[in-house]
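Structure record follows, encoded as structure tokens.
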Amino acid sequence: MGYFCLSGATSPTDEKWLCPAGFYCDALAIQQPVKCPNGTFSLAGAYDLANCTNCSAGYYCMAGSTEMLDCPTGHYCPAGVGLPLACPRGTYNGRKNLIKVEDCATCPAGALCNTTGIVNTEDHLCPPGYYCPRGALVANECPMGTYRSVRGGSSLSSCTKCDGGFYCASEAQVVPIVCSNGTYCPRGSIAPLGCPPGSYCPVKTENPIKCPAGFYCPGRSEYYFKCLNGTFCPAGSEKPL
């Protein structure tokens, strides 16, 4: 057994001076216990460095450890480590006591795993306006003409084609933009189009509406206008005849 002796010790094997757990007490450390190094632990009474036991795989042991500690979630622990090793970017781990980096699972599609030590991919969902394939380190922008308003996009098909009456002018669009009066926006538009003569286009118009008979519609019309006395207007007129 290992002991240490401070001033006033009456016996070299007094139980009061038994080398404490997490330390060893050899002939060179007779007055002061020495911490077992990183990656090892010891029980009370260790008398040399060889009594510091290597930490098993799936556990870690900091310097001076009295027992092996469970490798935490988001990490892995090969044999003999002093601190847990974080699962790399693009992976996650929701279980304790993993042993090797290959035990860290690839992040599923819909998650953005751009940090280390991820435990739960639900806390790292792809942001709105983007999509993230399996193991993504960088989010991909939804292209112009599409949008995505919620998190968790997993592929290009997760980006919704811009609705009729709206347009999506930029990449990574989160909310479609309303097509204004006098313009129209077919589904998937990246910019509003001017309402053609002979048609009218109120707000949120997907396709131009033909001007009714008895009325005329100049270009970029929001409404139709009544034909004046002495004129006539067939359906689709841009001006009175």
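Since every read-out is calculated from the coordinates, none of them should be taken as a lab result. These figures come from a predicted structure and were not determined experimentally. Reconstructed Cβ throughout: ideal geometry from the backbone, glycine too, with neighbour counts over all protein chains shown.
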Spatial separation of Cα centroids for the range 168-182 and the range 45-85, in angstrom: 56 Å
Chain lengthening between Ala105 and Ser157 when straightened (0.36 nm per residue, less Cα-Cα): 16.3 nm
Full-extension gain in nm, Leu125 to Leu49, via 0.36 nm per residue minus C-alpha separation: 22.6 nm
Gln32-Ala63 FRET efficiency (beta carbon distance; Förster radius 22 Å; 0.05 resolution): 0.90
Fluctuation leader among Thr116, Thr66, Thr231 - the chain, Gaussian network, Cα springs under 10 angstrom: Thr231
Listed residues Gly58, Gly45, Gly90, most fluctuating in the chain (Gaussian network, C-alpha, under 10 Å): Gly45
The chain: most fluctuating residue of Ala109, Ala50, Ala136 per GNM, C-alpha cutoff 10 Å: Ala50
Positive-pole candidate from Cys104, Asn54, Ala172, dipole of the chain, charges at beta carbon: Ala172
Given (i) 34, 22, 17; (ii) 80, 14, 9; (iii) 29, 21, 19, the label whose value is semi-axes √(5λ) of the Cα gyration tensor in Å derived from this model: (ii)
Residues of the range 133-167 with amide N under 19 Å of the 7 Å Cα→Cβ point at Thr115: 135-140, 151-153
Where labels lie 7 Å past Cα in the beta-carbon direction, separation of Lys210 and Lys226 in nm: 2.4 nm
Hits among lysines - C-alpha to C-alpha of Lys96 under 27 Å, sequence gap 8 or more where chains match: Lys35
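Based on the Cβ-Cβ distance from Arg134 to Glu238, what FRET efficiency comes out when R0 is 45 Å, to the nearest 0.05?
The value I calculate is 0.25.
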